[in-house]
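Please read the structure below before turning to the comments.
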Amino acid sequence: MKTTNYLFLIFIAFLLSCFPKEVAPAFIDPSDRNALSKVIVFKGNTQSQTGTLPTATSPSTTITNNPSVSLTAGGSNVYIPIQYTGTTPVSTAYLQIVGASTYFKIPISGAGSSGLFYIPMSLPLSVKQGNFTIQLVLVGTNGNVLSKVINIAVVITLPKECGDGYVIGGSGIAQTEHKLSGKGGTVNISYNTFDEPDRIDIYLDGKWVAGTGSSIAPPPPLSTCGNPLGGFVPKLGQFNINTSTSNKIIQVYVSGCTGGYTAWNYKLTCP
């Protein structure tokens with residue numbers, strides 16, 4: 001009898017081993033810079049290179065803005081604006097997460113010796129909330145590093161539930177996603193950009209529906225505080241967005257003006 005029970009237990013164990021085991025999702029702490037480098041996405045024909053970020057021996061190009069961004073893990077692209085001036089056409093940007101053992105080579109098409117371009121960046125939902133710093137240099141068509149290293153501060157947020165709608169920020173570009181969770185009706189977004197002009201753009205499931213300026217597709221424009229472009233406003237205001245139960249996400253892009261001491265906030269209230 002004991003032998004029969006023993007054989008029966010072995011048989012059950014064998015059957016259980018045939019079923020796939022559930023694997024817990026591997027969440028990535030942004031303090032693990034190498035793990036973060038493996039999952040970060042820069043849109044375009046990006047190449048990864050082992051080693052430290054190359055630097056210029058005699059910089060001839062100046063990056064004139066001080067970019068910073070905030071993005072939602074698992075969300076759409078945030079756009080890193082790079083404004084620069086020089087004498088040699090730019091062909092590539094090299095980026096490295098500070099503390100990582102690899103860096104990225106990102107081709108920049110159509111860039112001249114001076115101008116503005118954007119680097120689209122996204123992170124998967126497996127990345128936890130936190131922050132990190134990216135270092136960047138510009139490389140010319142001659143293959144030489146043209147600029148000094150600049151630091152780009154990055155803040156990672158998680159998708160917000162519909163009732164968790166208060167967001168604050170300052171200079172730079174912030175992208176925040178709010179889950180509607182099947183709630184249809186009117187979503188109210190009240191905002192305050194205070195004394196310095198900032199721009200707000202609202203997207204419902206990827207389609208622009210409201211903003212402080214005219215309809216645009218990302219990336220949002222870059223503007224100085226002292227000479228603001230259209231859509232950059234210093235004021236209190238609000239938007240009312242009609243949603244249905246089939247809508248999934250509201251994305252809010254806020255472009256804080258540069259060269260000043262801007263601050264802004266908004267509150268999203270669900271139906």
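If I go through region 234-254 residue by residue, how many of them are within 24 Å of Thr157 (Cβ to Cβ) and either under 23 Å from the mean Cα position of the chain (by Cα) or assigned to a loop (DSSP other than H, G, I, E, B) (or both)?
Number of matching residues: 8.
Is it true that Ser223 is touching a residue at least 12 places away in the same chain (Cβ under 8 Å) and in the same structural domain as Gly260 (by TED's automatic domain parsing)?
Answer is yes for this residue.
Which residues, counting only those in region 150-180, are surrounded by fewer than 18 Cβ atoms within 10 Å (Cβ to Cβ) and either on the phi > 0 side of the Ramachandran plot or touching a helix residue (DSSP H, G or I) at 6+ places or on another chain (Cβ under 7 Å) (or both)?
Selection gives nothing.
Only one of Asp205, Asp201, Asp195 is out of contact with any strand residue (DSSP E or B) (no Cβ under 7 Å at 6 or more places or on another chain) and not small (Gly, Ala, Ser); which?
None of the other options fit; the residue is Asp195.
Could you list, in sequence order, all residues of region 181-204 that are of a type outside the set (Ser, Thr, Tyr), within 12 Å of Cys270 (Cα to Cα) and surrounded by fewer than 16 Cβ atoms within 10 Å (Cβ to Cβ)?
Of everything in region 181-204, those that are of a type outside the set (Ser, Thr, Tyr), within 12 Å of Cys270 (Cα to Cα) and surrounded by fewer than 16 Cβ atoms within 10 Å (Cβ to Cβ) turn out to be Gly182, Lys183, Gly184, Gly185, Asn188.
Of all residues being of a type in the set (Gly, Ala, Ser) and part of a loop (DSSP other than H, G, I, E, B) in region 71-99, which is farthest from the chain's Cα centre (by Cα)? Just the residue, please.
My answer is Gly86.
Kindly indicate whether any position in region 144-151 is of a type in the set (Gly, Ala, Ser), farther than 21 Å from Gln49 by Cα and not assigned by TED's automatic domain parsing to the domain that holds Val209.
Looking through region 144-151, none of the residues is of a type in the set (Gly, Ala, Ser), farther than 21 Å from Gln49 by Cα and not assigned by TED's automatic domain parsing to the domain that holds Val209.
Give just the number: which of (1) of a type outside the set (Gly, Ala, Ser); (2) under 21 Å from Val78 (Cβ atoms); (3) buried (at least 18 other Cβ atoms within 10 Å of the Cβ) does Leu229 not satisfy?
For Leu229, the failing item is (3).
With the structure loaded, tell me whether Phe194 is assigned by TED's automatic domain parsing to the domain that holds Ser91 and among the aromatic types (Phe, Trp, Tyr) or whether it fails that test.
For Phe194, the condition - assigned by TED's automatic domain parsing to the domain that holds Ser91 and among the aromatic types (Phe, Trp, Tyr) - is not met.
Given the criterion among the hydroxyl-bearing types (Ser, Thr, Tyr), touching a Pro at 6+ places or on another chain (Cβ under 9 Å) and modelled with pLDDT under 95, identify the matching residue among Ser76, Ser58, Ser17.
Ser76
With respect to Asn188, determine if the residue is over 22 Å from Tyr261 (Cα atoms) and either of a type outside the set (A, V, I, L, M) or in a loop (DSSP other than H, G, I, E, B) (or both).
Considered against the rule, which asks whether it is over 22 Å from Tyr261 (Cα atoms) and either of a type outside the set (A, V, I, L, M) or in a loop (DSSP other than H, G, I, E, B) (or both), Asn188 comes out as yes.
The values are calculated or read from the model by the stated rules, or taken from the named source; none is laboratory data. What you are looking at is a predicted structure, and each value in this text was computed from that prediction instead of being measured. All Cβ positions, even for glycine, are placed from backbone atoms using ideal geometry, and neighbour counts span all protein chains on display.
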